[in-house]
Each structure stands twice: as C-alpha cells, then as structure tokens.
C-alpha cells in the first residue's frame, strides 16, 4: 500500500500513452461537464430554445421564473423539507455513530449494512414501498411524508461522515472526563459533541444535498405540495421552458455552496492522521 | 481487538463481571431512535411492498387480501397488450449495454488519472471527475435533453458549422437513454475503479518494465487482470442502477424509445407511467417486486462472476 508512494516518480520522458491518457481525460471532463455548462449558459441567454447561435445576455428567464412562482414555491418547500430531514438525520446519525464507535456489540456490521441499505436500494423501489405504507396510514401526499422518508435515506451518509470524525478522537479524551467525575451524559455533551462538530456540520450538509436533489421518492409520496425536483419534472414533461435553466442554475449554486462547505469543514480532518491506532 | 477479547471473558464469567465502559445505558439510548425510525419507516415499508403486490383494487378502493390477480394480469400481458415481458427484456438490454459503455468510459478515465496524471494532482483530478455527481440528477437529465434534442445544442452547432450531415438523431431513442445513464453512473464507477487501480502495487509494474515489458504488455498482463474484480463490481453496480432508473428512460428515451429490441419502454419507466395513469398501488407493487427479483438475479450472477474472477486472479 505504502510502496507506491515510496517509489520515485516515473523517470521516462513524455510518451504516447501518457498523452493519450491526458487527451482522454480531457474528453471525459467535457462529457461530464457539458450538461452543467449548457444549463448555466442558457439560463443567461435570450434564446427561447436552448440552441446556437447565442442571442445575447438576458435575465428574462429569471424574471419569468419569479413571475410564474410555481418553481419558486417548490424551492420554498424543498428549503423546509430538506433542512428538517437533514437535521433529524444528523441527530440520529450522530447518536448511532457514537454508539458504533464507542461500544462493542453483536451484529455491529449487520447494523451498518442495514442502515446503508436505503442508499443501495433503487429509489424507484423505495418510493413504491414508502407509498404503500404511508397511503395506508393516510400520511401520503404531504411534505411531511417526504420528510419522514428522506430521513431514512440520508441518515447513513450523515452517520458515515460523523463516524470518520469520531474515529479520530482518542479514547483517552473520554476516559479523562470520566475520571475527573463527569457523568457519561455530560461527557457526551461537553467532550464528544464539540469534538465531533466539524463532522456533524459536514454530515448535515451532505444529508441536505442528498435530500435536496432527491426526485424519485418525493415523486411518489409528495402530493400537491411538490418539492423542487418533482415540480421541475412536471414542468419538464409538459413543455420546453428555459426558466428551468434559471432554477437549475440556482439549484447548482446551492449544491455548490453546500459542497464547498463540506470540503472546508472536512478536508483538514481527512488528511489528519488517525490518532486512535495503537 | 482488545474489546473483543474483553467480551469473551465476560461471556465466560458472567458472575464475576465488572462494569466496563462497554456496559452503559447510552448504548441503547443512542441506537434506539435510529432503530425505531428505520424499523417503522424502512423495514415495514419493504415488507409492505412485497405484501401489497397481493392486494386488490375494487371500485377505487384498495382491499387488503391475498390475491394473485396482479401477478396474473402481468403474466397475461407479458407479451401482449402492455408487454411487460418485452419491457423487461429492453431493461436488461439497455442496462447491460449502457453498463458496459459506462464501465469502459470510467475505466479509461480512472486509468488516465492513476497513470497519466502526476501524483500530487491525482486527488484534484478525481474530485473534478466526480463533481457532477453532486448536482441534481433530474436537472442533468433535462440538460441532456436540451443538448441532444432535434434542434438542440449539438445539432444547432453542427448546422452553424455546416456539418449538418453529421446531425445527431438520438433523442427519444434508447441511445439517448444510455448517454444519460453513462453520465449518471460515470462518477461512481470512476471512484470504484480508481480505488481498484491505486491498490495495484506500482513495484510490480516497475519490475515488469525493468524486465523489458512494453507498456501494452504491462497493461494486458498485470493491470487488466488485477482490475478484474473491480471491473466486475463496477459492472454489476452499473447494471443494477441502470435497471432501477426511470428518469433517463422517460425523459431521454421518450418513454418507448427505439432500440434493437424495438420501440419498447424500460420496465422502470413503464412502472412509473403505469402508476401515474392508473394509481393502482397493488399492481405497481407487484411490478416493483418483479423488478426487485430481476435485480436479485443480476446480483446473484455478478457474485458468481466475481468469485470466478477473484479465483482466477488469485492463481
């Protein structure tokens, strides 16, 4: 594992394979970024249909977006549901991460697999399953049902991030607090929680991003108050409307801010050495 | 490690046991909320899904019973009328071919990152490659629609440059579905394959080079066999995700997109349009169960292949 880093850099001069690799990488990046670039570009263009030639800078689609109001309303719904779901998921995730980091118990890896399952099962299947249950107990068709189901989906990502941070906490830190007379509960609140804070914030942001972009489950369980991706879908199947580009640019901006937040919060800790290893 | 040892001691001598930091009410208190939430809102719905396939709808009322009606309906329409069977075949075809393209694309990108990018830029190159994963999926599909559509970005660009003969007529065919799928899957697959490649010991490659192998030989005899398991994992992952995806098929494939199989929708797209038009939850649940079974089949097959590949590399 470490042998790779110990070796000196490849000594040969420039060769064909490397150039081919770089060229392929460039093509790959173009493919990966083309939809994002197109979407943002045409949100600022006067074109009625996203096509060339460009007709010049314009903010008309943002104005239209604002005037129509439906997508903005949906953005409002998403901005209620996703932070709420992320908050509950982070609380659940923190507690579970603490329990799995500190305690030994039977079936720990089974538990981890169980909690990760919602991410692995296709959202289509989960959507039908959630709807089947929620419709029976008359909880479907509201923002509250989206909230309930999104928590299930996003607890695992939040938990993993917090686990990463907690794994860096020396056990002696907690032990010292106990020896000095703190109860376990006080230690959890005053020692573990502050230590885990960057992980908690990062986990929250990650959970928020997952929920904010989630479409399929929300499509099944949300009703007349759609979340933003659901509202985008209903516009999308009906007509070509460049205000989708405008809302899309706003969504990308929100996701980008969340991601930069995660990077800034977590990067210093990911590179830090694992203190726990004995 | 030490904790596990402590546990066994406790098991042997329960009477003389001392209270350790491992016995704390916090263990239960911390796990309980998550377990309750997941039990009620995850385990129960999954069981309900399997069960709901046997319910019936009469006069717009769902009746909880045990009836095979939904499955009989699906079986009767397997190749006639709604043609669920053909949709399933189409799903396999598009998911498998799309998965192959996605893995090939991602493998080449991962190879380029690991072997052509200088060490200190690799992390950045990887971060850059997976950045699109963090943007909204539905918006990416929408953007692909504007890129690929008849008078979309690509075609209007070709027209402008006088290359009209090369125009791209892929929108609302399963080719467009595959493009969307490859784009969706690529970041995840790149991560899987990047990890696979970085785990290959560079010393082995250096040794082969020193002994006079060409780069092509190194790739064929060392890198490719050693990435076999990673490629299998990535491939099965791609196929399973592709089978469960409804968005690309609906928005880029236009519902019933053309492919070699014919103008047949994907099973997943069919499922959501079926639900949107009939709101027949029991039948939707039955269809979802069938899709789950198909996915389990693929999973089982890929486990079998994975085992074989692992054995082959171990030798």
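Where a number appears in this text, it was derived from the coordinates with a stated rule and is not lab data. It should be emphasised that the depicted structure is a prediction, and the values quoted were computed from it without experimental measurement. Using ideal geometry, Cβ is built from the backbone for each residue, glycine included, and neighbour counts are taken over all protein chains shown.
Please report the spacing between the Cα centers of segment B:204-229 and segment B:256-299 in Å, no decimals. Distance between centres, Cα-based: 43 Å. Normalised by the number of residues in chain A, the mean separation of alpha-carbon contacts (under 8 Å, six or more apart) gives a relative contact order of 29 percent. Largest GNM mean-square fluctuation among B:22, B:77, B:155, using chain B with Cα springs under 10 Å: B:22.
In a Gaussian network model over chain B where Cα atoms closer than 10 Å are linked, find which of B:129, B:110, B:32 has the largest mean-square fluctuation. Highest fluctuation of the listed residues: B:32. Each peptide in A:182-195, A:146-159 receives the mean, over its residues, of other Cβ atoms within 10 Å, and ordering these scores from highest gives A:146-159, A:182-195.
When chain B is modelled as a GNM with alpha-carbon springs shorter than 10 Å, which of B:104, B:278, B:43 fluctuates the most? Of the options given, B:43 has the highest mean-square fluctuation. Compactness ratio for segment B:119-158: Cα radius of gyration over 2.2 N^0.38 Å (N = residue count) comes to 1.63. Give me the orientation-averaged projected area of the Cα convex hull of segment A:12-104, in nm², one decimal. Averaging across all directions leaves 13.4 nm² for the Cα convex hull.
For segment A:69-114, the orientation-averaged shadow of the C-alpha convex hull comes to 3.9 nm² (one quarter of the hull surface). How much of the pair distance distribution for segment B:186-306 lies past 16 Å, counting alpha-carbon pairs only, in percent? Tail of P(r) above 16 Å: 71 percent of Cα pairs. On the beta carbon distance between residue B:36 and residue B:308, with R0 = 56 Å, the FRET formula returns roughly 0.85. Rg and Dmax, both from the Cα atoms of segment A:138-205 and both in Å, are 16.4, 52.
For segment B:270-315, what is the Kirkwood hydrodynamic radius in Å, using each pair of distinct C-alpha atoms?
12.7 Å
Under conditions of 4 °C and 1.567 mPa s, chain A yields 59 µm² s⁻¹ as its translational diffusion coefficient, taking Rh as the Kirkwood radius over Cα pairs in the Stokes-Einstein equation. Taking the 0 to 90 degree range and rounding to the nearest ten, how far is the long axis of helix A:193-213 tilted relative to the main principal axis of chain A, both from C-alpha atoms? With both axes taken from Cα atoms, the answer is about 30 degrees. Based on C-alpha pairs under 8 angstrom that are at least 6 apart in sequence, segment B:145-213 has a relative contact order of 20 percent. Shielding value for B:48-55 is 4, the average number of Cβ atoms from other chains within 10 Å of each residue's Cβ. Legend: Rg and Dmax of segment B:123-266, from Cα coordinates, 19.5, 55 Å.
Relative contact order for segment B:167-315: 32 percent, from Cα pairs under 8 Å spaced at least 6 residues apart, divided by residue count.
Please work out the C-alpha center-to-center distance from segment A:32-47 to segment B:73-142 and express it in whole Å. Centre-to-centre (Cα) distance: 22 Å. Ordering B:209, B:19, B:123 from the fewest to the most neighbouring beta carbons within 10 Å gives B:19, B:123, B:209. Look at the stretch A:182-195: the mean tally of other chain Cβ atoms within 10 Å of its residues' Cβ atoms is 1.
Which whole number in µm²/s is D for the protein assembly as shown by Stokes-Einstein, with the Kirkwood Rh taken over Cα pairs at 10 °C and 1.306 mPa s? Walk me through the numbers on the way to the answer.
Numbers: Rh = 26.4 Å.
Value of D from the Cα-based Kirkwood radius: 60 µm²/s.
Principal axis extents of the C-alpha atoms in chain B (largest first, rounded to whole Å): 76, 69, 36.
Can you bin segment A:176-261 into rounded, prolate or oblate? Criterion: square roots of the alpha carbon gyration tensor eigenvalues sorted a ≥ b ≥ c, rounded for a/c under 1.5, prolate for a/b above b/c, oblate for the rest. Don't jump to the answer; show the numbers that get you there.
Values: a/c = 6.56, a/b = 2.79, b/c = 2.36.
It comes out prolate by the Cα gyration axes.
Once both labels are positioned 7 Å from their Cα atoms along Cα-to-Cβ, the gap between residue B:58 and residue B:204 label points is 6.5 nm.
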